[in-house]
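Enquirer: Mind looking over this structure? Questions follow.
The values are calculated or read from the model by the stated rules, or taken from the named source; none is laboratory data. What you see is a predicted model, and the numbers here were worked out from it, not measured in a lab. Cβ sites come from the backbone with ideal geometry, for glycine too, and all protein chains shown count toward neighbours.
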Amino acid sequence: MPELTWRYVKTPLDGENLIAGLAEKLGLSVPRAYSDLAVQNNGGRPNKQILPSSEGELEFRRLLRVDSNGRENIRQAAEDVLTYGAKLFPFGDDSFGNYFCFAASSGSKEAMVVFLDHETGKQTVLADTFQEFLSLLQDS
């Protein structure tokens, strides 16, 4: 099985502090594995982008930028997500304006990964952990 690699990576500007600050503001805890990956691969696109789900195949286009430069960064996405009244931390998107987010998981310290449909506000649980989410990604 080929390793997960990242393309089109942007240079992060104080990304770790931005992630921690935003997570605290939203009252959520994000996995350390995500923070490390996001800072190293800021705005990057994975070589594996297809994710099977109960909704059919989903496309994980990229990690949202952890800095405030450019469009489609975590801070802007968090503002969008708040309009759905959900306590979510967006970390990625697809080509259609939907988000991949961390959500609080009852009975677990680590946040689960959900898909947020931007048209309906519907959340679909994809994985219990971030590591599980990454392991589910397949070649397109």
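Enquirer: Whether any residue in the range 11-22 is in contact (Cβ under 8 Å) with a residue 60 or more places away in the chain, surrounded by 13 or more Cβ atoms within 10 Å (Cβ to Cβ), in a helix (DSSP H, G or I) and not polar (S, T, N, Q) is what I want to check.
Expert: Among the residues of the range 11-22, at least one is in contact (Cβ under 8 Å) with a residue 60 or more places away in the chain, surrounded by 13 or more Cβ atoms within 10 Å (Cβ to Cβ), in a helix (DSSP H, G or I) and not polar (S, T, N, Q), which makes the answer yes.
Enquirer: Taking the range 1-19 as the region of interest, how many residues are modelled with pLDDT of 85 or more and over 15 Å from residue 92 (Cβ atoms)?
Expert: Selection size over the range 1-19: 2.
Enquirer: When you scan the range 119-140, how many residues do you find that are in a loop (DSSP other than H, G, I, E, B), farther than 24 Å from residue 21 by Cα, in contact with a strand residue (DSSP E or B) (Cβ under 8 Å, 6 or more places away or on another chain) and not aliphatic (A, V, I, L, M)?
Expert: The qualifying residues number 2.
Enquirer: Now, a different point. Given the criterion loosely packed, with under 13 Cβ neighbours inside 10 Å and modelled with pLDDT of 85 or more, identify the matching residue among 92, 56.
Expert: From the options 92, 56, the qualifying one is 56.
Enquirer: I'd like the residue in the range 23-33 that is touching a strand residue (DSSP E or B) at 6+ places or on another chain (Cβ under 8 Å) and within 21 Å of residue 76 (Cβ to Cβ) and, out of all such residues, is modelled with the lowest pLDDT.
Expert: Looking at residues that are touching a strand residue (DSSP E or B) at 6+ places or on another chain (Cβ under 8 Å) and within 21 Å of residue 76 (Cβ to Cβ), I get 26.
Enquirer: Say we look at the range 34-51 and pick out the residues that are part of a helix (DSSP H, G or I) and either in contact with an Asp or Glu (Cβ under 9 Å, 6 or more places away or on another chain) or of a type in the set (D, E, K, R) (or both); which of these is farthest from residue 75 (Cα to Cα)?
Expert: 36
Enquirer: State all residues of the range 79-98 that are in contact (Cβ under 8 Å) with a residue 24 or more places away in the chain and not in a loop (DSSP other than H, G, I, E, B); if no residue qualifies, say none.
Expert: Residues satisfying the conditions are 80, 81, 88, 89, 90, 91, 92, 93.
Enquirer: Could you list all residues from the range 64-78 that are part of a strand (DSSP E or B) and touching a residue at least 40 places away in the same chain (Cβ under 8 Å)?
Expert: The answer is 65, and nothing else.
Enquirer: Still on this structure, I have one more. If you go through the range 106-115 one residue at a time, do you hit one that is touching a residue at least 24 places away in the same chain (Cβ under 8 Å) and in a strand (DSSP E or B)?
Expert: Yes, the range 106-115 contains at least one residue that is touching a residue at least 24 places away in the same chain (Cβ under 8 Å) and in a strand (DSSP E or B).
Enquirer: Could you grab the pairs with beta carbons closer than 9 Å, sequence gap of 6+ or different chains, first residue in the range 120-134 and within 14 Å of residue 98 (Cβ to Cβ) and at pLDDT below 95, second one assigned to a loop (DSSP other than H, G, I, E, B) and aliphatic (A, V, I, L, M)?
Expert: 121/86; 123/86
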